[in-house]
C-alpha cells in the first residue's frame, strides 16, 4: 500500500556556475527537512543537455552529501552516466533512451523514472517496461522549460486509484500551488525553481513543503 504522505523530489537548477557554493547551499537545504531524492538536471542556455564533464563534476561534488542524508541521487536523461557515476538511478524523458533498455542497462536495483506528460497510455507503458515511478506534468507554467503538455490533477487521482507504481507531479510547483496536487494523490512533488527561487530561500521552501505534506497526511489518518 502506498504511503499517504507526499514527499519532496528536488531538482537542481539548470545551471550551477559555482559548484562549491552550490554544494554548501544544498547541504543546508537538505538539512532543512525531508527530501526523498535529488535529480541532477543541467542544461545549457539554449536548453540542450550540459556537457558530460559538467554533469560529472557536479555529481562528484554533491552526491556523497545527498546520499549521506538518505537522499537518492538520480541523473536526468542519462542512465549510462548514472551507472558510471554510481548514482541511485536515472530519470528519462520521452525522447531519451527507451525505458526497457535503460532498465536492462542499469539492472534491477537502481531507480528508474519516466516522464509521461499528461498521458495515461505512456504511463502504463512505462510501468510495464520497468519504471519505478512515472512523472506527470506540467501542472503549472514552469521557468525551467517550455510547457508543451498541460496535466490535470485528476490524472494523479486516477493513477493513485488504479496503479501501485508511485507518481510524481512536476511543472511549476511551488509552496503556493502544491496543495491541489498533494490532495489529488501525488506521491512526490518534483520541484526546482519553487525551492531555489523561493523568496525566503531554499531552506524555507523545504520546511514549507514538509509542513504542507505533514498537514495533508494528518488529514488522512
(request) Indicate, rounded to the nearest 5 percent, the antiparallel portion of the DSSP beta bridges found entirely in region 7-218. (result) 5
(request) Evaluate the distance, in nm, between pseudo-label points positioned 7 Å from the Cα of residue 64 and of residue 150 along their respective Cα→Cβ axes. (result) 4.7
(request) Could you tell me which of rounded, prolate or oblate describes region 1-98, using a ≥ b ≥ c as the square roots of the eigenvalues of the alpha-carbon gyration tensor, with rounded for a/c under 1.5 and, failing that, prolate when a/b is larger than b/c and oblate otherwise? (result) oblate
(message) Between 136, 188, 22, where does the largest GNM mean-square fluctuation fall for the chain, given springs only between Cα atoms within less than 10 Å?
(response) 22
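Values quoted throughout were computed directly from the atomic coordinates according to the rules given, and no laboratory measurement underlies them. This one's a predicted model, so the numbers in the text were calculated from it and none came from an experiment. Neighbour counts are summed over all protein chains in view; Cβ atoms, including those assigned to glycine, are modelled from backbone coordinates with ideal geometry.
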